[in-house]
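The values are calculated or read from the model by the stated rules, or taken from the named source; none is laboratory data. Only a predicted model underlies this, so the values are computations on that prediction, with no experimental measurement involved. So basically every Cβ, Gly included, is an ideal-geometry build from the backbone, and we count neighbours across all protein chains shown. Please note that ligands, DNA and RNA were not included when accessible areas were found on the heavy atoms of the full protein model with its side chains. Shrake-Rupley method; radii C 1.70, N 1.55, O 1.52, S 1.80 Å.
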Amino acid sequence: MIPADLGHDTAALRLETPRFSWNDSPMGRAIRAFDWSTTPLGPISGWSVSLLTSVRIMLGQSHAACMFWGPDLTMLYNDAYAPVLGRKEARALGQPFRRIWADVWNDVKPLVDQTLSGRGTYSEEMRLIMTRNGFDEETFWTFSYSPLHDDDGVVAGLMNVTVDVTALVQARRNQQVMQEELLHRIKNILSVTSTVVSSSLRNAETIQEARDSVGARIMALAKAQGLFTGLGDSADITEVMARSIGAHLVGNDRIRLSGPSVPLSSQQAVGLSLALYELATNAAKYGALASPQGAVDLSWSVEGDHFGLDWQESGGAAVEAPTREGFGSRLVNQIVPAYFDGEGLAEYLPQGLHYRLRGRLTP
């Protein structure tokens, strides 16, 4: 016999225990209102204990969860799963698995077959191309399939508990791209720095001249690399010019600019910045900017992805081609054009130095 006081406590416990209600969630109400007689599951009034229990467990999940039951694997899902369906959600309830998820059926079918054989599955960051919103969309999911049994213990369906990890995977991809880009930039910096030092030392006549030359060019390189602090991965060509030859642009019209707004990728902007700094420095020492009457016409143009830039000096002292190729010549004729997959040429004309750069813009 059950003691009177224990029986009283058990009855009270039963009265206080919450009971399942279809009204506890929007999807619970939607499932109750759906005409299941048009599906292989039949009316809710005829559902088995095991089916009702599985549906109640699914609706109680905080994670996105859905389940498929019966010969057609008819779909039911909870509130958290509705956003997963995208625009498919309007017609998903009561549909066969392979129909509502036809776009990924071939990808998940092996997992479905395994689960229906009685062995659950777990997939981590599985890539699925979905068309849930009318267009192909790369998505990633961590999810499990668990077999669901009928009243006789036979597998009658499966439950899917899933987490959308697309943002996590994309963030990791972006981080990897940034790391690779950083490594690429470091390699470029070291390569250019090595060239700066070796060429400056080789062409200098005194230790002091070498020290000044190396120091100035290293500072120019540092300014070029610092161009994108706060600017992102691209910069307009006018910003590049302001950073690289700004000292020659302020307070006078010795360098006359002409050209459209052009967004430059980080690497191309760095290369162009170095070239412009070298041209302006040489012009101030030996060329047009060394003379009060001298000037520079700096123009550029864009046609499609084709880019052209011209630096034309005039009004200065007569210039002569150097007897040997120094760092400056290698920079403007070889190193910088490589950034643009193009060609560069410095011509020492009677009216002054003319530098021409032709190439392609990269995204």
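In this structure, GLY86 does satisfy being among the small types (Gly, Ala, Ser), farther than 17 Å from ARG32 by Cα and either in a helix (DSSP H, G or I) or modelled with pLDDT under 95 (or both). Contact map, region 284-299: residues that are more than 13 Å from ALA317 (Cβ to Cβ) paired with residues that are surrounded by fewer than 16 Cβ atoms within 10 Å (Cβ to Cβ) and hydroxyl-bearing (Ser, Thr, Tyr), Cβ distance under 9 Å, separation 6+ or inter-chain. Pairs shown: ASP297/SER258; LEU298/SER258; SER299/SER258.
Candidates in region 142-161 are the residues that are among the hydrophobic types (A, V, I, L, M, F, W, C) and surrounded by 14 or more Cβ atoms within 10 Å (Cβ to Cβ); of these, the one that is farthest from VAL84 (Cα to Cα) is VAL155. Scanning region 94-107 for residues that are open to solvent by 20 Å² or more (accessible area, probe 1.4 Å) and either assigned to a helix (DSSP H, G or I) or under 25 Å from ASP24 (Cβ atoms) (or both) yields a count of 6.
Put simply, of LEU289, LEU298 the only residue that is within 19 Å of SER244 (Cβ to Cβ) and open to solvent by less than 20 Å² (accessible area, probe 1.4 Å) is LEU298. Restricting attention to region 108-144, the residues that are within 19 Å of HIS63 (Cα to Cα) and in a loop (DSSP other than H, G, I, E, B) add up to 1. Only one entry in SER48, SER37 is surrounded by 12 or more Cβ atoms within 10 Å (Cβ to Cβ) and modelled with pLDDT of 95 or more, namely SER48.
Being closer than 18 Å to TRP36 by Cα and either in contact with a strand residue (DSSP E or B) (Cβ under 6 Å, 6 or more places away or on another chain) or touching a residue at least 24 places away in the same chain (Cβ under 8 Å) (or both) holds for only one residue in ASN133, ASN78, and it is ASN78.
Considering only residues that are surrounded by fewer than 24 Cβ atoms within 10 Å (Cβ to Cβ) and either of a type in the set (Lys, Arg) or at pLDDT 85 or above (or both), which ones fall in region 258-271? If the condition is that a residue be surrounded by fewer than 24 Cβ atoms within 10 Å (Cβ to Cβ) and either of a type in the set (Lys, Arg) or at pLDDT 85 or above (or both), then SER258, GLY259, PRO260, SER261, VAL262, PRO263, LEU264, SER265 are the ones that fit.
Can you find even one residue in region 125-141 that is more than 26 Å from the chain's Cα centre (by Cα) and open to solvent by 20 Å² or more (accessible area, probe 1.4 Å)? Looking through region 125-141, none of the residues is more than 26 Å from the chain's Cα centre (by Cα) and open to solvent by 20 Å² or more (accessible area, probe 1.4 Å).
Taking residues in region 346-363 that are under 16 Å from LEU298 (Cα atoms) and open to solvent by 50 Å² or more (accessible area, probe 1.4 Å), and partners anywhere that are of a type in the set (A, V, I, L, M, F, W, C) and in a strand (DSSP E or B), the pairs with Cβ atoms closer than 7 Å and at least 6 places apart or on different chains are ARG356/LEU345. All of (1) small (Gly, Ala, Ser); (2) farther than 16 Å from HIS354 by Cα; (3) open to solvent by 40 Å² or more (accessible area, probe 1.4 Å) hold for ALA318 with one exception: (2).
Given ARG202, ARG173, which one is modelled with pLDDT under 95, assigned to a helix (DSSP H, G or I) and under 27 Å from the mean Cα position of the chain (by Cα)? From the options ARG202, ARG173, the qualifying one is ARG173. Number of residues in region 321-345 that are open to solvent by less than 50 Å² (accessible area, probe 1.4 Å) and in contact (Cβ under 8 Å) with a residue 40 or more places away in the chain equals 10.
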